[in-house]
Structure formats: C-alpha cells, structure tokens
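The values are calculated or read from the model by the stated rules, or taken from the named source; none is laboratory data. The shown structure was predicted, so the numbers you read here are calculated from the model rather than taken from an experiment. Note: ideal-geometry Cβ built from the backbone for every residue, glycine included; neighbour counts use all protein chains shown. Surface accessibility is based on the protein's heavy atoms, side chains included, excluding ligands, DNA and RNA. Shrake-Rupley method; radii C 1.70, N 1.55, O 1.52, S 1.80 Å.
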Amino acid sequence: MQKKLIILCLAFTFYALQLKAQDTKKEAERIKTKMEAFTSKTGTITKFTDKYLPKLNTTYGSAETRVRMVKSGSLTGYFYQIVKESKYSGTTASIEYNDLIEVIKAIKVLKADAIKDAIENSDYLENKFVTTDGFQVGYFISNGATKWYLTLEKYGSDNTLFIDTGDIIETAFSEAKTKIDDIKTQLSF
C-alpha cells in the first residue's frame, strides 16, 4: 500500500512539474512588436516603402533614420525607424505612428523635467519614457551632467544611442511626424 502511495505521489509531482514547465515556456515566448505583428501576416502581400530622413546626430557618430510605410493587404501602417549600425550587426527601432505622437509628448515633458532635475544635485537621477514595444527615450544626470539616450529595442545589447541634447531628439521625431503626415496627405488625394 505504501509503495502504491509513493508511486502515486511521484507521478503527481512529475505531472505538476510538466505543467509548470509548459507555463514557463509560454511566458518566455517573446511578445511581437507592432512592426512584427503588422508584417508577419501569412497569406498576405506586404509592401515596404522607405522615405529617408536626415541622420540623427549622436554623441558617438550618427544613426540612419527613415519613415517606413508598410502595406499589408488592405492595411497601411507608418513607422519611424532609427537604425544603429555596429561592427557586427545593427539595431532598428520601429516606432508606430501613434507611439511616435506619444513619444513627442513625452519628450516635451522630459525636457522640462531635465531642467528641474539638474538643479536637484542628485548623485544619480534617471527619467525615461518607454513604449509598449520597449523603445525608450530619456536622460540621466550623473556628476552634474545631463546625458540623453534612446534605447532602440527591449532585448539585446549595443542598442543604445547617446544624444547630446533633448532638442536634437525632439527635432528628429517632429520631422518624422511631419513626413508621415505629408505622406498620408499625398495618399488621400
């Protein structure tokens, strides 16, 4: 009787561990970005059209920027893309139009906060805005110096751009929004 009870307990424990492992695997699956969700539809023709914008000047060089229009079936999406090339690969942020508008609003708030935060004289302070896709714009203050940054992707390494001022970021994002608005206007005729 005890052997049967022990075997039954072991079987139940093994079964419970298998269920837990399956739940963990589902949680570990990476969530698709808006660009990935928009472009990964099977059985649909997907067309990409790029309009290049001026390079984004960074502290250590520059990054390519563009507006990407994506037609997938009868749907059209607009994305602002920032491309950081590195020695072995590249990183691309694809910021969907509605997120772009939210980022522009956040940049205005961050710029005002940066002025106030610089006065606080903290040892370290960081303030940022993060989109649902994991794109980040923000600044940190260390040793009295304010440094702005963009984190292009949620996962991976070598995906951060450092920018000298918030004005540079705001100008680049505003230019992207204007370009998308122009494209939408041209297509509506």
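Listed by first and then second residue, the pairs with beta-carbon distance under 8 Å, at least 6 apart or on different chains, first residue in the stretch 167-189 and farther than 12 Å from residue 80 by Cβ and open to solvent by 40 Å² or more (accessible area, probe 1.4 Å), second part of a helix (DSSP H, G or I) and among the charged types (D, E, K, R), are 167/111. Within the stretch 101-117, restricting attention to residues that are without any contact (Cβ under 8 Å) to a residue 40 or more places away in the chain and either of a type in the set (Val, Ile, Thr) or assigned to a strand (DSSP E or B) (or both), the residue that is farthest from residue 65 (Cα to Cα) is 115. Reported count of residues in the stretch 116-144, each being over 25 Å from the mean Cα position of the chain (by Cα) and on the phi < 0 side of the Ramachandran plot, is 6.
Considered as a group, the residues in the stretch 145-172 that are of a type in the set (Gly, Ala, Ser) and over 20 Å from residue 79 (Cβ atoms) include one that is nearest to the chain's Cα centre (by Cα), and that residue is 157. If you go through the stretch 89-117 and keep only what is polar (S, T, N, Q), open to solvent by 50 Å² or more (accessible area, probe 1.4 Å) and closer than 25 Å to residue 62 by Cβ, you end up with just 89. Of all residues assigned to the stretch 50-57, none qualifies as being modelled with pLDDT under 55 and of a type outside the set (D, E, K, R).
Working carefully through the options 52, 80, 60, find the one that is in contact (Cβ under 8 Å) with a residue 12 or more places away in the chain, under 20 Å from residue 139 (Cα atoms) and not aliphatic (A, V, I, L, M).
Numbers: 52 fails: under 20 Å from residue 139 (Cα atoms); 80 fails: under 20 Å from residue 139 (Cα atoms).
The unique qualifying residue is 60.
Confirm whether residue 159 is at pLDDT below 95 and at positive phi. The answer is no for residue 159.
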